[in-house]
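The values are calculated or read from the model by the stated rules, or taken from the named source; none is laboratory data. Only a predicted model underlies this, so the values are computations on that prediction, with no experimental measurement involved. Because the Cβ atoms are built from the backbone with ideal geometry, glycine has one as well, and the counts that use them run over all protein chains shown. Surface accessibility is based on the protein's heavy atoms, side chains included, excluding ligands, DNA and RNA. Shrake-Rupley method; radii C 1.70, N 1.55, O 1.52, S 1.80 Å.
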Amino acid sequence: MASTKGYLDYILEQLSELDGITHRAMMGEYILYYRGRVFGGIYDDRLLVKPVPTAVKLMPDAGMERPYEGAKAMLPVDDLDDRDFLKNLVESMWEELPEKKKKR
């Protein structure tokens, strides 16, 4: 099941206080970036983030979920209505996210 544009719009609105949020459509789903680094994505109308140590610490009760079969497990974000939490989560994760791979 692909994610809806409406769900993407809702998540982008919730993250609108952060400068540098971008997204890219990928096979019916959406990859999310913060300041050029992938922090998560929208898969089947679920917001999932990379399980970096800060994200695990901020969401200790979140179980790991796979965005699709064969993918690495990610953390589901359930508290989507709390903009302050979402802003803090994404900002806090940034230092631990891998940099974009440079092309040769």
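List of remarks:
- ALA71 free of Cβ contacts under 8 Å to residues at least 60 places away in the same chain, open to solvent by less than 40 Å² (accessible area, probe 1.4 Å), of a type outside the set (D, E, K, R) and in a loop (DSSP other than H, G, I, E, B): yes
Residue-wise test of (1) within 15 Å of SER92 (Cβ to Cβ); (2) free of Cβ contacts under 8 Å to residues at least 12 places away in the same chain; (3) among the hydroxyl-bearing types (Ser, Thr, Tyr).
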residue	(1), (2), (3)
ARG24	no, yes, no
TYR34	yes, no, yes
LYS50	yes, no, no
PRO53	yes, no, no
GLU65	no, no, no
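- Tally, over region 74-104, of residues that are loosely packed, with under 12 Cβ neighbours inside 10 Å and in a helix (DSSP H, G or I): 2
- Hey, ASP61 more than 12 Å from the chain's Cα centre (by Cα), at pLDDT 95 or above and surrounded by fewer than 15 Cβ atoms within 10 Å (Cβ to Cβ) or not: no
- Entirely in region 9-54, the strands (runs of 3 or more DSSP E) that have 2 or more residues that are open to solvent by less than 30 Å² (accessible area, probe 1.4 Å): 29-34, 37-43, 46-49
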